[in-house]
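The values are calculated or read from the model by the stated rules, or taken from the named source; none is laboratory data. Nothing here was measured: the structure is a model prediction, and the numbers come from that model. Cβ: placed from backbone, ideal geometry, glycine included. Neighbour counts: every protein chain shown. What goes into the accessible areas is simple: the full protein's heavy atoms, side chains included, and nothing from ligands, DNA or RNA. Shrake-Rupley method; radii C 1.70, N 1.55, O 1.52, S 1.80 Å.
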Amino acid sequence: MNRAANQESALMKDAAPQTIYLSDYTPFGFLIDHVDLTFDLHPTATRVKSRIAFRPNPDATNHTFFLHGQDLKLISAKIDGAVVSPSLSSEGLTCPVPEGRFVWEAEVEISPETNTALEGLYMSNGMYCTQCEAEGFRKITFYPDRPDVMATFTVRINGAYPVLLCNGNPKGSGDAWAEWHDPWPKPAYLFALVAGDLVAHTGQFTTMSGKDVALNIYVRPGPDEAKCAFGMDALKRTMRWDEEVYGREYDLDIFNIVAVDDFNMGAMENKGLNIFNSSCVLASPGTSTDADFERIEAIIAHEYFHNWTGNRITCRDWFQLCLKEGLTVYRDQQFTSDVRSDSVKRIEDAIMLRAHQFREDAGPLAHPPRPSSFVEINNFYTVTVYEKGAEIVGMLRTLSGDNGYEKALDLYFDRHDGEAATIEDFRACFEKATDADLTQFSRWWTDPGTPHVTVQEEWSEGTLTVTISQKTEALGKSWPVRVIPLRTALIGRDGGEVSSEQLVTLTEAEITLTFDDLAERPLVSVNRNFSAPVVIHQDQSDSDLAALLAHDTDPFNRWDAGEKLVNGVLRRMVRDGATPDAGYLDGLSASLRNDRLDPAYRALLLRSPTEVDTAIDLHAAGHTADPDAIHLAHETLQQAKAERLQDHLSATYAAMQVTGPYTPDADAAGKRSLANAMLGLITRLDGGKQAKAQFAEADNMTLQIAALGALCVNGFGEDELRAFEKQWSDDRLVMDKWFGLQVSTAAPENAVATTTRLTKHAAFTHTNPNRFRAVFGSFARNHAGFHKADHSGYQLLSEWLIKLDPLNPQTTARMVTAFDGLQRYDADRQAGMRTALERIAATPDLSRDTTEMVTRILGGT
């Protein structure tokens, strides 16, 4: 018996959580021809009957019949109609089976109402719903709950509810029953069921081949019915875009979306029945910000795009998660870039990657996009898997060219439709389509860490020599060199490109480029449009950066020059007690007055890094991060911005006002973004007068919440907070904003008290992931407040995580990452964080999810 077989046997012994290895993968011993399920719904005693046609898998070497199952009450089991008595454990069952084909039948009982983990079948405000990715289906019935086991499903739902939904196409319905058939083979993680008192916002889409598809967004009766129109429009635009850009057509008669309040994730791409966190699909001008609309548009696109990159072609095992997620994130980023601003989207993606993924790569939670092992797969739904996975696809497109990328994707769809694929399968399609060897490039998938690229220049009598080197370190070791595509150009100090952009592909530890016959020394613009997810080290003076900020022809590097300037200013302010740099402020003033720049782009130029960003930057430069000093520096810089720009603030604010009915399009949203940036600075000078007026007059949430935020940051918003609560107390999504805003804007000395006070509010509940994240996610981002020197922030968060873990391990484990940067801080704060983590680790019956995360953080320090 090989190691994989030993692992399956170990599952029968109720052993402690163990590590699963990619190298141990073997195919499941059986194939499934079809699955029939019957649900008799009851809040605490739902009966699930399964009838599954199995046959031996000729490619398998281990034919042990093991079915996953957790928290199931087995009522009966049969094989070919004969009663059997399988061996049970907390992880599943085994049973002797015939040598050839056979039919497995089982009946189990489950309790959706008491399922607070929100995995499997559970209830949310009287509605039955499911979440089966990654391993939730095993909480519904006994089944080989792994992504490489694909089958067609027919499902009958019995229950006295107006709406009964499942995957696929409707097959029939009657009084208190409905039957659905999904003709496309799928793994169990894509199973979905919804039942409840729901109302449909309907639509229709005609595919490129002329097929009519019925579209529905289901919500609870009441105010949510008025929040579906944008989601429906976004869905239709998404479907058309996927046809036009990728040639992918929808393949069922119906596409359903259901909005659910209690949901651990953002949304789930279940075949034909997408289940969405309500916050990720419901939108209206009065209750949603411009950022909400853009986020909803992107998430709808992401889940729909999964129909081909995730559903029709799924992943062979969970180690391949970055295949379906990285590719689909890249596709949704393309979509947003096409329908909004390409340059703004690229900057926003880089901001997110640097703030979260680079941080992950630099700490104890570092892992490659395709890990080689895991304890709990739920802990690998990370920015490394998703967003870095998308960057890898983007680099492949850069290296392959648009035509090569299109040929490779078409080949991927043709070869692997209906299959469970691997990274190697995806790579082979690019190698075939472009005649390239991607062996070295594949290290992006298999190695952890963010490459650090150093650019050194030598200038001599009209010749510029540029040496570019790379180094990657993570988890205490160095990693081999990678293939790094760097878009590069030479920029004149007074504007224009001295040397047009070229693609420099770094494949060695070091390369040298020579540029001859130059009239004057140019500026070197490297990694344009963020062509590779790397950290660039380049000896650039403030005057160099100011020139790039003014003249670089690449929008990303122009913004990045400003980002480097402000990072340097903040470093000097924190480390040396310096005052805000006048040159930087002058550059901001010039950018603000440049009407040729997109308003959304100007708003990004005016944005300062977060206080966490500054802590990371200081630590990377070899300094201990002092949260209090960082907070003071940020406040001082914001005040200096307001004072330096005050002659232009009111005029720009007025010029950016949008008249007429609200629309969430990119142009209007960009103007509001810049206007609200102006308002934040104006509030520092006028005592909140303009912000109070905007709050009172606002006809949309973007303006109202921005005004409230500006007031709260400056300590002027008590009356407006009460008014906001009174106005929106019946809207749970808007109230999430109210909770989060108070915590995120609290002064550091008040953050713990504010958070504690809000946990006692009648509308706070820790069982709803959105509300818990609104409060404690915001608390963790209140940098100086969370890292208060008396450790009270660490104690508060650890107490609530201990309380939450028995109910919802997934949300708990994700929130533990608030402690992952403890090495950046002084010894006393490190000790406080370790004490909090050790307290969590010592909790009896701590979940596998949280245990793994705490252990990894402590082990990496």
Checklist entry - So, in nm, how far is label Thr465 from label Phe515 when the simple model puts each one 7 Å beyond its Cα toward the Cβ? => result 1.6 nm
Checklist outcome for this item: Full extension between Ala176 and Ser111 adds, at 0.36 nm per residue less the Cα distance, a length in nm of 21.4 nm
Item to check | Computed E for Asp233/Glu406 - FRET, C-beta separation, R0 30 angstrom, nearest 0.05 | outcome: 0.65
Item to check | Antiparallel DSSP beta bridges within region 179-264, as percent of all bridges there, nearest 5 | outcome: 60 percent
Next on the checklist: Computed from the coordinates I sent, Rg/Rh (Cα atoms, Kirkwood Rh) equals one of (1) 0.96; (2) 1.21; (3) 1.07. Tell me the label.
Outcome noted: (1)
Checklist outcome for this item: With R₀ set to 35 angstrom, the calculated FRET efficiency between the beta-carbons of Ala60 and Ala841, to the nearest 0.05, is 0.35
Next on the checklist: At a threshold of 8 angstrom on Cα-Cα distance, excluding pairs fewer than six apart, so keeping six or more, what relative contact order does region 263-331 reach in percent?
Outcome noted: 28 percent
Next on the checklist: From the phi angles alone, apply the Karplus equation (6.51, -1.76, 1.60; θ = phi - 60°) to region 331-339 and give each ³J(HN,Hα) in whole Hz, x where the residue is Gly or Pro.
Outcome noted: 5, 6, 5, 4, 4, 4, 4, 6, 8
Checklist entry - For region 440-578, what class follows from the C-alpha gyration tensor (a ≥ b ≥ c being the square roots of its eigenvalues): rounded when a/c is under 1.5, otherwise prolate if a/b is larger than b/c, else oblate? => result oblate
Item to check | Accessible area of the chain belonging to carbon and sulfur atoms, whole % at 1.4 Å probe | outcome: 48 percent
Checklist entry - When only DSSP loop residues count, what trypsin sites (Lys or Arg not before Pro) in region 68-108 have their Cβ near at most 16 other Cβ atoms within 10 Å? => result Arg101
Checklist outcome for this item: Sparse-neighbourhood loop hits (trypsin sites (Lys or Arg not before Pro), region 171-268; DSSP loop; Cβ within 10 Å at most 14 others) -> Lys211
Checklist entry - Shape call for region 706-794 from the C-alpha gyration tensor, a ≥ b ≥ c root eigenvalues: rounded (a/c under 1.5), prolate (a/b greater than b/c) or oblate? => result oblate
Checklist entry - Straight-line reach from Lys726: which lysines have Cα under 16 Å away, leaving out those fewer than 8 places along the same chain? => result Lys737
Next on the checklist: Along the Cα→Cβ direction, 7 angstrom out, place labels at Ala831 and Arg848. What is the inter-label distance in nm?
Outcome noted: 3.7 nm
Checklist entry - Taking 0.36 nm per residue of separation and subtracting the Cα-Cα distance, what length does fully extending Ser500 through Ala45 add? => result 156.9 nm
Checklist outcome for this item: The rounded separation in angstrom of the Cα centers of region 693-762 and region 265-313 is 26 Å
Checklist entry - Treating the beta-carbon of each Lys and Arg as +1 and of each Asp and Glu as -1, no other charges, what is the dipole magnitude of region 62-194 about its Cα centre, to the nearest 20 debye? => result 160 debye
Checklist outcome for this item: Using alpha-carbon positions, the gyration tensor of region 369-418 gives root eigenvalues a ≥ b ≥ c; with a/c under 1.5 called rounded, otherwise prolate if a/b exceeds b/c, else oblate, the class is oblate
Checklist outcome for this item: Percent relative contact order for region 210-265, counting Cα pairs under 8 Å at least six residues apart, stands at 56 percent
Next on the checklist: With an 8 Å Cα cut-off and a minimum separation of 6 or more residues, compute the relative contact order for region 745-806 in percent.
Outcome noted: 38 percent
Checklist outcome for this item: If unit charges are put on Cβ atoms (+1 for Lys and Arg, -1 for Asp and Glu) and the dipole of the chain is taken about its Cα centre, the option from Ala723, Ala192, Ala698 lying farthest towards the positive end turns out to be Ala723
Checklist outcome for this item: hull vol. (C-alpha, convex hull) per residue for region 63-102, Å³ -> 69 Å³
Checklist entry - Peptides 607-613, 268-274: what's the order by average Cβ count within 10 Å, highest mean first? => result 268-274, 607-613
Checklist entry - Residues with beta-carbon under 15 Å from that of Gly126, excluding Gly126: net charge, scoring Lys, Arg +1 and Asp, Glu -1? => result -3
Item to check | the chain - share of DSSP beta bridges that are antiparallel (%, nearest 5) | outcome: 80 percent
Checklist entry - What spacing in nm lies between the two simple spin-label points modelled at Arg415 and Asp790, each 7 Å away from Cα in the Cβ direction? => result 6.2 nm
Checklist entry - So which trypsin sites (Lys or Arg not before Pro) in region 673-774 pass both tests, a DSSP loop state and at most 11 other Cβ atoms within 10 Å of the Cβ? => result Lys760
Next on the checklist: With a 1.4 Å probe and all protein chains left in place, how much accessible area per residue does the chain have, in Å²?
Outcome noted: 37 Å²
Next on the checklist: Quick check: the distance between the Cα centres of region 593-672 and region 397-476, to the nearest angstrom?
Outcome noted: 34 Å
Next on the checklist: Need the full-extension length gain, Glu243 to Lys78, defined as separation in residues times 0.36 nm minus the C-alpha distance. One decimal, nm.
Outcome noted: 54.9 nm
Checklist entry - For region 235-275, with equal point scatterers placed on the C-alpha atoms only and solvent neglected, what are the log10 I(q)/I(0) values from the Debye formula at q = 0.34 1/Å, to two decimals? => result -1.16
Checklist entry - At a Förster radius of 35 Å, what calculated FRET efficiency corresponds to the Cβ-Cβ distance of Glu457 and Thr624, to the nearest 0.05? => result 0.65
Checklist outcome for this item: With -39,500 (n - 2.57) per DSSP H segment of 4 or more residues and division by the full residue count of the chain, the 222 nm estimate, nearest 500 deg cm²/dmol, is -12500 deg cm²/dmol
Checklist outcome for this item: Dipole check, the chain, charges on Cβ (K,R +1; D,E -1), about Cα centroid: among Gln357, Val103, Leu605 the Cα furthest to the positive pole belongs to Val103
